[in-house]
Amino acid sequence: MKAYLAHYRSPNASGRRAMGVFEFESSARLNSKQLEKDARMAMLSQYGNEALSWIIEDIEIRKSQTNLADGQLKLDFREPIKPKRNIGKKDYR
């Protein structure tokens, strides 16, 4: 089963504005009706009756977070690369 992210929002005329993203798993293919049904069921099971009128705008595949280390950027401690010399070329500055 693949992990997906679904973006939802409440209708424009709603008194209680809601917008957000939730994660769910499904074995259906991207952009299929079964995936939309799975997303709707996951949203209703997570948020209950409050989510009955919400609209699912977009569903995307969840990308892995392997390039981050606990939310921190990785530091590069390698020596800087020396610039190449222009051998045989005249510099007209």
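Details
- Estimated FRET transfer efficiency (S14, I61; beta-carbon r; R0 22 Å; 0.05): 0.15
- Relative protection proxy for 76-86, 46-56, from highest mean packing down: 46-56, 76-86 (other beta-carbon atoms within 10 angstrom).
- Against the rule of thumb 2.2 N^0.38 Å, how large the Cα Rg of region 22-67 comes out: 1.23
Just so you know, all these numbers are worked out from the coordinates, no wet-lab data involved. All of these numbers come straight from a predicted model, not from anything done at the bench. We place every Cβ from the backbone using ideal geometry, glycine too, and count neighbours over all the protein chains shown.
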